[in-house]
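Engineer: Attaching a single structure in structure tokens format; questions to follow.
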Amino acid sequence: MIKSAKRSQGVSYAIRDVVIPAKKLEKQGKKILHLNIGDPNKYDFDTPQHIKEALYEATKTASFNGYAPSEGYPELLDAIVEREKIRNKMDYKTDDICVTTGVTESLQMLLNASLDPNDEILIPGPTYPQYNLITWFNDALPISYRCIEEEGWQPDVDDVRRKISNRTKGIVLINPNNPTGAIYSKKALKEIIDIAGEYHIPVISDEIYDDMVFDKKQYATASLAGDVPVITFNGFSKVYLVPGWRIGYVLFHHNGDLDEIQDAFMRIARSRLCANSVCQRACIAALKGPQNHISEVNDKLRERRDFAYERLNEIEGISTAKPEGAFYIFPRIDAMKQGIWKNDKDFVLDLLHDQQVLLVHGSGFCSTYGKNHFRAVILPKMDVLEEAFTKLDKFMKKRLK
């Protein structure tokens, strides 16, 4: 047996790992209700028609089927600059932007460019799993700071300060948050920015869900940062309903503090060639074309959020905070204290096999602050959500007899 690299042996991704037992059940003819994956296009959402047409038109131009510039097409960079001016009152130069293969590649390249072994990065707990995974893959240490469930999963600013060390290389914000749906308050953002400035470390702000909001305004971190360096991740997967196209981008906001990291990032970008060429052309049309689908999507998600929040809180042994953005909800399994299940993954698999409802275990998002929870998407139609939560209710009543 030829052995794999040690750094690969601990790789796991909870969101897709739970699909493996679900597929086995599907092969047995079982119908699975999927509430596990954050892909709107798997449900009743679809890419706006003008964006699809722009993709088709791009394929008819020979040069667009070749390699794109490593940092992205100039027209797309210009469109991103314009969006930042209009939405966030930010003035970026195109040299400070790079188009990537989704936000995940932005994260990979940034951490590759900035982390040495045993460096630390502060990550919200719970968090999108890739932040922990890619940090570990670079032989560095993800340090989870607490987000306060009782306060709608707002970041615990005091815990952020407590966990900074001389090895801290950045503070991560995910706003709106995956998996909790929290939108960080302006006050919390400014306090974390102040801490970053005090310790001369950058803020890494993941804003891929920035326009998927229900009741509160989402503030771009860089718009509040002043001279504090901020690296922002964004992209088209969620707001523009093209998750499979894999087009993201990174924005560098600084006064020279990040020159070395930005240069390393761009060198890595050149070494991996480019992001998808024709999808980039279509994303120009996404930014320049009609935006009315955004409010329509949010209206549907708000209705489903309200239903999920009320229905889940009616189920014995389950309680949840109210999400404010994105399309996730992160309930607590209060019944875990009764010792019925070994852990939250055991709970999720038990529910899957008993009722064929697929969720993601909360410890997959943070072993400390995510345990004894689960993540569900609020993307399905109301009748599917009702069916799934009715099955969950039945399951809980059966187990809590």
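Every number in this text was worked out from the coordinates using simple rules, so none of it is lab data. Predicted model only: the values in this text are computed from it and were never measured. As a convention, Cβ positions derive from the backbone with ideal geometry for all residues, glycine included, and neighbour counts pool all protein chains shown.
Engineer: Running a GNM on the chain with Cα contacts under 10 Å, which residue among Ser12, Ser223, Ser271 ends up with the highest mean-square fluctuation?
Structural biologist: Comparing Ser12, Ser223, Ser271 in the GNM, the peak value goes to Ser271.
Engineer: Given the alpha-carbon gyration tensor of region 131-177, what are the semi-axes of its equivalent ellipsoid in whole angstrom, ordered largest first, with each equal to the square root of 5 times an eigenvalue?
Structural biologist: 21, 14, 8
Engineer: Here is a further query. Between His353 and Thr94, what length comes free when the chain is fully extended (0.36 nm per residue of separation minus the Cα-Cα distance, one decimal in nm)? The partial results should precede the final answer.
Structural biologist: Working: separation 259, 0.36 × 259 = 93.24 nm, distance 5.06 nm.
Length gained, His353 through Thr94: 88.2 nm.
Engineer: With labels modelled as points extended 7 Å from the Cα through the Cβ direction, what inter-label distance (nm, one decimal) is found for Glu53 paired with Glu82?
Structural biologist: Result: 1.8 nm between the two label points.
Engineer: Okay, next question. Could you work out the relative contact order of region 303-383, using alpha carbon pairs under 8 angstrom and six or more residues apart, expressed as a whole percent? Walk me through the numbers before you get to the answer.
Structural biologist: Working: 122 pairs, mean separation 23.8, N = 81.
Averaging sequence separation for qualifying contacts and normalising by length gives 29 percent for region 303-383.
Engineer: Follow-up. Rounded to whole Å and ordered largest first, report the semi-axes of the equivalent ellipsoid of region 70-146 derived from its Cα gyration tensor (root of 5λ).
Structural biologist: On the way: eigenvalues 163, 45, 22 Å².
Each semi-axis is the square root of five times an eigenvalue, giving 29, 15, 10 Å.
Engineer: Nearest-5 percent of antiparallel DSSP beta bridges in the chain?
Structural biologist: Within the chain, antiparallel bridges account for around 55 percent of the total.
Engineer: Let me ask something else about it. Taking 8 Å as the Cα distance limit and 6 or more residues as the minimum spacing, I'd like the relative contact order of the chain as a percentage.
Structural biologist: That works out to 23 percent.
Engineer: Of Glu314, Glu26, Glu105, how do they rank once you tally other Cβ atoms within 10 Å and put the fewest first?
Structural biologist: Glu314, Glu26, Glu105
Engineer: Putting +1 on Lys and Arg Cβ atoms and -1 on Asp and Glu Cβ atoms, find which of Ile192, Phe214, Pro126 reaches farthest to the positive end of the dipole of the chain.
Structural biologist: Towards the positive end, the residue furthest out is Pro126.
Engineer: Multiplying the sequence separation of Val11 and Gln28 by 0.36 nm and subtracting their Cα-Cα distance, what value in nm do you get?
Structural biologist: Extra length from Val11 to Gln28 when fully extended: 3.3 nm.
Engineer: To continue, here is another question. In units of 2.2 N^0.38 Å, what is the alpha-carbon radius of gyration of the chain?
Structural biologist: Its radius of gyration relative to the 2.2 N^0.38 Å reference: 0.98.
Engineer: Okay, moving on. Using a/c under 1.5 as the rounded threshold, could you call region 49-288 rounded, prolate or oblate? The axes a ≥ b ≥ c are square roots of the C-alpha gyration tensor eigenvalues, and prolate needs a/b larger than b/c, oblate otherwise.
Structural biologist: Taking the square roots of the gyration eigenvalues as a ≥ b ≥ c, region 49-288 is prolate.
Engineer: While we're looking at this one, here's another question. Lysine pairs in region 49-288 with alpha-carbon atoms under 17 Å apart, 8 or more places apart or on different chains: how many are there?
Structural biologist: The number of close lysine pairs in region 49-288 is 16.
Engineer: Starting from the Cα-Cα distance between Asn118 and Glu316, subtract it from 0.36 nm times their residue separation and give me the gain in nm to one decimal.
Structural biologist: So the extension gain works out to 66.9 nm.
Engineer: Can you give the helix-only mean residue ellipticity at 222 nm for the chain, where every DSSP H stretch with n ≥ 4 adds -39500 (n - 2.57) and the sum goes over all residues, rounded to the nearest 500 deg cm²/dmol?
Structural biologist: That comes out to -12500 deg cm²/dmol.
Engineer: Another one. Size of the dipole of region 49-288 about the Cα centre, Lys and Arg at +1 and Asp and Glu at -1 on the beta carbon, nothing else charged, in debye to 20?
Structural biologist: 620
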